[in-house]
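Trainee: Starting off with a structure, shown below.
Here, each number is a calculation from the coordinates, and none is a lab measurement. Just so you know, these numbers come straight off a predicted model, no measurement behind them. Reconstructed Cβ throughout: ideal geometry from the backbone, glycine too, with neighbour counts over all protein chains shown.
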Amino acid sequence: MDVFDLSSQEEFSPMKPLTKRPRKCFNQASDTLNQSSDKQSSGTLTVETSSSCDVKSDKPEVNLTERVDDIKRTSVSTEDANFVTDKTNIQGTNGAEVNSGDNCDRDCRKPVYIYDQELVRRCDAMPKIINRASMVHSLIEAYGLISLMQVVPPRRASDEEMMGFHAKDYIDFLALLSRQTDEEKFDEESDQYGLTYDCPINHHVYAYAALTSGASLRAAECLLEGRSIVAINWCGGWHHAKRDTASGFCYVNDIVLSILKLREKYDRVLYVDLDVHHGDGVEDAFCASSKVMTVSVHKHSPGFFPGSGGLNDGGVGKGRGHTVNIPLQDGMRDKEFVPLVCRVLRKVQEVFRPQAVVCQCGADGLSGDPMDSFNLTHTAYSCCVQFILQWTLPTLILGGGGYHSANTARCWTYLTAVICGRKPPTDIPDHKFFMAYGPDYELPISPGNRRNTNSRENLQRIYNSIIESLNKLTVS
Ligand SMILES: [Zn+2]
């Protein structure tokens with residue numbers, strides 16, 4: 001069985017370049033939109049009518065709900081793929097409450113975008129991602145995407161909310177440090193809470209953690225309120241934080257808190273982690289739960305942080321079978337990543353029937369990232385996100401890793417455009433950070449020459465093992 005024989009169908013064609021074919025344009029909302037497709041290179045957005053993953057919609061879309069409905073109707077044909085044992089088309093789903101547009105104003109169909117200046121300023125100051133939040137927001141703004149979304153300001157998570165997952169003494173310690181100017185006095189305790197090495201402590205960390213967590217909680221609340229079917233917080237996605245320790249640049253686990261928030265309304269929540277690192281903090285939090293399924297695709301290699309997330313780590317107790325890990329090696333490319341991940345997700349959707357989804361879009365698997373691991377482009381991320389969106393479930397989109405700031409901004413801007421149903425022009429518009437996008441000053445990210453060390457035989461083995469486990473799953 002050739003698992004990547006895609007010759008007879010088009011649904012996962014990740015290597016198609018962004019094209020400049022004529023497209024119909026959005027006819028309301030933004031002055032930055034323009035009827036002429038040949039103006040794309042001068043910063044004009046066009047309505048996305050055919051994505052690079054070929055998740056198609058053949059008419060101009062006026063709002064997100066219509067767009068995902070179109071995608072749902074079109075479906076993604078996998079009938080001829082050898083990768084899967086059943087031959088059912090991917091269907092929109094099931095049971096979840098989707099805002100139909102009744103009883104809400106026109107804006108409720110736009111994606112929610114969590115933003116305010118303080119959120120960006122606080123994220124900008126974090127040592128591993130200096131100015132990244134500004135670059136991401138500025139590029140999204142420069143592409144004229146802000147007017148296509150509902151901009152919702154974040155709020156601060158309260159201590160009690162953070163203690164919904166974290167230990168009281170850990171949150172208390174972060175708060176204590178926020179009131180100190182001499183952090184060195186607390187070195188010993190800081191070590192105990194993981195606040196060292198890649199999680200340096202300073203008196204800003206508590207405010208940063210409370211605000212980024214509150215931002216993700218606010219996004220989840222917007223979904224609960226039916227304000228939109230998609231909410232985005234690019235300043236969230238800190239998947240390594242544990243109950244009582246910081247880990248891997250992550251202080252407070254906004255993802256776990258958001259999933260708990262969504263669980264107030266939705267019985268089954270799916271978490272998808274596309275970051276190059278294993279989503280260990282989220283997995284640990286829910287490994288014994290049958291109500292939250294976690295799917296993490298990541299590099300799994302000796303010495304690579306955090307070291308967990310092996311193929312056979314599948315959850316414990318009631319949660320057995322509800323943890324899915326896709327462990328990969330260096331050099332992973334779009335054309336293997338997309339079919340593997342999407343087909344696993346398809347099976348997950350079939351057996352778990354989630355009612356809401358949280359997707360962490362950590363961009364450190366991109367080509368050119370200092371993590372120097374995978375060889376992905378924006379296309380891999382957008383195909384996976386579009387695949388999830390076609391389920392028309394309430395979906396929370398989060399950031400995460402991504403240490404090549406310009407490429408991270410490119411990727412998340414591209415994703416934002418896709419979520420808005422738009423095709424962003426290739427040329428980076430002139431804006432404050434324009435010079436960071438040289439030498440090509442273009443939005444698409446090209447794969448590098450890195451050798452792919454993932455054999456197709458091994459990827460097939462991983463896939464078969466995951467499907468075998470999922471076939472045993474009985475959803476409670
Ligand atoms: Zn990462």
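Trainee: Please arrange CYS361, CYS199, CYS411 by how many other C-beta atoms lie within 10 Å of their C-beta, fewest to most.
Mentor: Fewest-to-most ranking of CYS361, CYS199, CYS411: CYS199, CYS361, CYS411.
Trainee: If you take the Cα atoms of the stretch 130-180, find Rg, then find the Kirkwood Rh from the mean of 1/r over all pairs, what is Rg/Rh?
Mentor: 1.19
Trainee: Let me ask something additional. Just in the stretch 172-268: which GluC sites (Glu not before Pro) are loop by DSSP and have at most 15 other Cβ atoms within 10 Å?
Mentor: Sparse-neighbourhood loop GluC sites (Glu not before Pro): GLU225, GLU264.
Trainee: Taking amide hydrogens as modeled 1.01 Å from N in the peptide plane, which residues meet the under 5 Å criterion relative to ILE232, leaving out close sequence neighbours?
Mentor: Amide H neighbours of ILE232: VAL112, TYR113, ILE114, ILE397.
Trainee: Beyond a 27 Å Cα-Cα separation, which of these cross-linked pairs lie in this structure: LYS128/LYS265; LYS265/LYS347; LYS291/LYS347; LYS242/LYS472; LYS168/LYS261; LYS347/LYS423?
Mentor: Where the Cα-Cα span goes over 27 Å, the pairs concerned are LYS128/LYS265; LYS242/LYS472; LYS347/LYS423.
Trainee: Kindly put THR181, THR294 in sequence by how many other C-beta atoms sit within 10 Å of each C-beta, fewest to most.
Mentor: Fewest-to-most Cβ neighbours within 10 Å comes out as THR181, THR294.
Trainee: I need the trypsin sites (Lys or Arg not before Pro) found in the stretch 157-216, filtered to DSSP loop residues with at most 14 other beta carbons within 10 Å of theirs.
Mentor: ARG179
Trainee: May I ask you to compute the full-extension gain from ARG243 to GLU118, defined as 0.36 nm times their residue separation minus their alpha-carbon distance, rounded to one decimal in nm?
Mentor: 42.4 nm
Trainee: Which ordering of THR426, THR408, THR453 is given by a fewest-first count of other beta-carbon atoms within 10 Å?
Mentor: THR453, THR426, THR408
Trainee: Still on this model: Can you pull out the chymotrypsin sites (Phe, Trp or Tyr not before Pro) in the stretch 143-214 that DSSP calls coil and that have at most 12 other Cβ atoms within 10 Å?
Mentor: TYR197
Trainee: Now, a different point. Normalised by the residues of the stretch 341-476, what does the relative contact order come to in percent, with Cα pairs under 8 Å and at least six apart?
Mentor: Reported relative contact order: 30 percent.
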